[in-house]
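The values are calculated or read from the model by the stated rules, or taken from the named source; none is laboratory data. Everything quoted here is computed from the prediction, not taken from an experiment. Neighbour counts are summed over all protein chains in view; Cβ atoms, including those assigned to glycine, are modelled from backbone coordinates with ideal geometry. Side chains included, ligands, DNA and RNA excluded: accessible areas come from the protein's heavy atoms. Shrake-Rupley method; radii C 1.70, N 1.55, O 1.52, S 1.80 Å.
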Amino acid sequence: MRDEGFNRVTDTCIPETVMRHIESKLLVMWQEAAEKKEMRMPAQFMFDLLDDEDLVQHYQIPRENSWLAAAKDAGIPVFVPGLEDSTLGNIYAARVYEGKVANHQAIASGTMQMEKLIHWYSETSKHSPIGFFQVGGGIAGDFPICVVPLMIQDLKLDIPLWAYFCQISDAVTSFGGYSGAVPNEKITWCKLEPEAPKFMVQSDASIVAPLVFAYVLEW
């Protein structure tokens, strides 16, 4: 598959050409933002791509089936921790190295994204409890859930903990594990109250998540 031009992303193979279609568009936006030293959220670049009519010809699914498009349309913030450890992060570093992008100041760093997440949690938690529904594991889950202990321990703020926790993951359950830690471990980190509802679904998220979402939407 590698020799046929496919790149593996977790358990999925995608043609390298898919990323090149995106890169050619992103490069122009990266260059402009870097010249202005205008750090933008990684997802904002992708939101802007969705407005590019020329890219529609390369869509592989209908726009209405895209979770990213749904987030854009609904005004839902998207945080992207660990961009450095991704295909686009590698491409960005390569273009800076080549001098095609002036500097690294086009994309908001992880700490800048965390600051925005603090503002979001602070404002949103005033109006309703916030649960944490995690699909998969790794930094994508660990980064956002840590905003609560950050606000409590580092900012000394009196804010509510996550109202519930649910994770769908095929990671091996292990005490102290990164992706497979049991939910109770989150109590000691000021993420969950002992009595908060906790669910760990040991399965393939691509199967289970759509079933859960369909049930919730129908309910």
* **Residues listed by number, segment 102-132, amide nitrogen under 20 Å from Val208 label point at 7 Å toward C-beta** => 131-132
* To do: Consider all pairwise Cα distances in the chain and report the whole-number % of them above 22 Å.
  => 60
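In segment 1-139, what percent of the accessible surface is made up of carbon and sulfur (1.4 Å probe, ligands and nucleic acids excluded)? Let's see the in-between values first.
Values: 4740 of 8770 Å².
C and S atoms contribute 54 percent here.
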* **Most mobile of Thr12, Thr188, Thr111 in a GNM of the chain (Cα contacts under 10 Å)** => Thr12
* For Leu49, what charge total do you get from the other residues with a beta carbon under 12 Å from its beta carbon, if Lys and Arg give +1 and Asp and Glu give -1? -> -3
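Whole number in Å², please: accessible area per residue of segment 1-159, 1.4 Å probe, ligands, DNA and RNA not counted. Mind dumping the intermediate values first?
Details: 9770 Å² over 159 residues.
Computed with neighbouring chains in place, this is 61 Å² per residue.
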* Between Gln153 and Gln31, what is the spin-label point distance in nm, taking each point 7 Å from the Cα along the Cα→C-beta axis? -> 4.5
* By the scheme Lys and Arg +1, Asp and Glu -1, what is the net charge of all other residues having a beta-carbon under 14 Å from that of Leu157? -> -2
* For segment 1-85, with the dipole built from +1 on Lys and Arg beta-carbon atoms and -1 on Asp and Glu ones, taken about the Cα centre, which of Leu49, Gly75, Asn7 lies farthest toward the positive end? -> Gly75
* To do: Name the lysines eligible as straight-distance cross-link partners of Lys191: C-alpha to C-alpha under 18 Å, and not fewer than 8 places from it in the same chain.
  => Lys126, Lys156
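For the chain, what is the calculated [θ] at 222 nm in deg cm²/dmol (nearest 500), taking -39500 (n - 2.57) for each run of four or more DSSP H residues and dividing by its residue count? Mind dumping the intermediate values first?
Numbers: 7 runs with 85 residues, N = 219.
Rounded to the nearest 500, it is -12000 deg cm²/dmol.
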* Asked: Could you work out Rg/(2.2 N^0.38 Å) for segment 132-219, with Rg from alpha carbons only?
  -> 1.13
* Structure fact -> One would report the antiparallel percent of DSSP beta bridges in the chain, rounded to the nearest 5, as 25
* Structure fact -> Here P(r) for segment 1-115, Cα-Cα distances in 5 Å bins, as whole percents, is 2, 10, 18, 23, 23, 16, 7, 1, 0
* Debye equation applied to the C-alpha atoms of segment 76-195, log10 I(q)/I(0) at 0.20 Å⁻¹ -> -1.15
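Which trypsin sites (Lys or Arg not before Pro) in segment 1-94 sit in a loop by DSSP (not H, G, I, E or B) and have at most 13 other Cβ atoms within 10 Å of their own Cβ? If you can, show how the numbers build up before the last one.
Working: sites: Arg2, Arg8, Arg20, Lys25, Lys36, Lys37, Arg40, Arg63, Lys72; in loops: Arg2, Lys37.
Those satisfying the criteria are Arg2, Lys37.
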* Return the lysines within reach of Lys25: Cα separation strictly under 19 angstrom, same-chain partners fewer than 8 residues apart disregarded; answer none if there are no such residues. => Lys36, Lys37, Lys72, Lys100
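Are there chymotrypsin sites (Phe, Trp or Tyr not before Pro) in segment 1-68 that DSSP puts in a loop and that have at most 15 other Cβ atoms within 10 Å, and which ones?
On the way: sites: Phe6, Trp30, Phe45, Phe47, Tyr59, Trp67; in loops: Tyr59.
Filter output for segment 1-68: Tyr59.
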